[in-house]
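The values are calculated or read from the model by the stated rules, or taken from the named source; none is laboratory data. Note that the coordinates shown come from a computational prediction; the quantities given were computed from them, not determined experimentally. Positions of Cβ are generated from backbone atoms using ideal geometry, with glycine treated the same way; all protein chains shown enter the neighbour counts.
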Amino acid sequence: MSPEEIVELTKRHTLFEWSAQQSVDPIAVSHAKGCYFFAADGRRFLDFNSQLMAVNIGHGDERVIAAMQAQARRVAYVNPSLTTEVRARLGARLAAITPGDIDAFFFTNGGAEANENAIKIARAYTGRHKILARYRSYHGATAGSMTLTGDPRRWANEPGMSGVVHVLDPYHGIQRGWDDAATSLAMVEEIIQLEGPSTIAAFIVEPVVGTNGILIPPSGYLEGLRALCDKYGLLLIADEVMAGFGRTGRWFAVEHWNVVPDLLTMAKGLTSAYVPLGAVGMRRAIANHFQEKVFYGGLTYSGHAVACAAALATLDVYEQDDLINNARRIGDVMARLQRELLDRHRCVGAVRSLGLFGIVELVKSRTTLEPLAPFNGTSPEMRTLAREFRQNGLFTFVRWNTFFTNPPLCITEDELREGFGIIDRALAVVDGMLSQD
């Protein structure tokens, strides 16, 4: 097919996510390798967002592809009430890298289902119903995980699941800034008391918030949440779907603060998105709860053999290619390049990153720090930025007044600088659209 035929047929017969269908303008992708993907018309794009912060090891790794092929030849699928060697090996492998005494796992199809099942497990284990979640969060698009989500994607799906209570994040937008850990934790504790600790099963949190801003918590915040959960008997759920598997320079983001959650959800980087797979990891006491009590959950594709083989091979790649350390090393370079953008461009109001998990916030004025697009909206300047990126071969996530810098963990310094060169030129165009302070 021609690129035009691919796009036309896709738009006619399928729905694109989070979009009015008349406005979508997809790139027809032909193939991908490493940090690049190629359009059907021959254009090359530097993948500066690892697609959806997921292709952590890079595209087209033959070791993962070979593992999937070998497993598919042996057996592709068995009923989840049966098991396979790859499922057995993957559980043991994850137990070796997850924090603390997390050593049992329920496998899902992706991150949203992992969060759904974390809710089920927390409610079954505690006998309580309510779940605390934060604003400025995203936990998935299924019914329960969407209710947990604290951004505008939830609005159209309300009322959703009962029992979810949202609390404020320490970050309040670029103009108001951050609360310190003590202030934010005092607010959380007050809400726990007002809601009734004996009614709350768990608090779910992205240790580093993803699509709502790469929000790195202030010192003491995650440790304080762990302490509050312990004080009031709540489970702490860490949603590591986006931040996990090396993205922040550690296997899991919670490791930066030496926090062990009770439940840990994962997906994306687990297989580097070569095939769908998610999981809920749980501490041993929680797993033991279900030795005699029924776990009321199940999925047709839980523990899918090809997906488990892909995960095992992906974990091998992380270790063989030293990608966790590379995320730290190249992440330091990325942080410097982000700061250079802040110094050079008056439209840049703030930059944040941890490892290769980064964002740039744009403003109309350095004096007022008014965002360059409104909350849950866009602007001519942000549309121009997105167009400049696309025309010059850079693919990344442009949302509201921000854009993301989340390349695959295998990226080299030269490739990183190539991306920031495109960004630098695009921001110069945006600078020219702004009025003088």
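Determine, yes or no, whether residue 277 is in contact (Cβ under 8 Å) with a residue 40 or more places away in the chain, assigned by TED's automatic domain parsing to the domain that holds residue 90 and in contact with a Cys (Cβ under 9 Å, 6 or more places away or on another chain). So residue 277 passes the test. If you take the residues of segment 116-143 that are hydroxyl-bearing (Ser, Thr, Tyr) and assigned to a loop (DSSP other than H, G, I, E, B), which of them is nearest to the chain's Cα centre (by Cα)? Going through the qualifying residues, I end up with 138. Per the conditions (1) farther than 20 Å from residue 276 by Cβ; (2) in contact with a strand residue (DSSP E or B) (Cβ under 8 Å, 6 or more places away or on another chain); (3) surrounded by fewer than 16 Cβ atoms within 10 Å (Cβ to Cβ), the sole criterion not satisfied by residue 60 is (1).
Remark: pairs (first residue in segment 40-66, without any contact (Cβ under 8 Å) to a residue 60 or more places away in the chain; second residue part of a loop (DSSP other than H, G, I, E, B) and hydrophobic (A, V, I, L, M, F, W, C); Cβ separation under 8 Å; 6+ apart in sequence or on different chains) = 40/1; 40/28; 41/28. Every listed requirement among (1) over 22 Å from residue 199 (Cα atoms); (2) surrounded by 22 or more Cβ atoms within 10 Å (Cβ to Cβ) is met by residue 136 save one, (2).
Among the helices (runs of 4 or more DSSP H) confined to segment 1-78, the ones with at least 1 residues that are under 24 Å from the mean Cα position of the chain (by Cα) and modelled with pLDDT of 95 or more are located at 50-53, 62-74.
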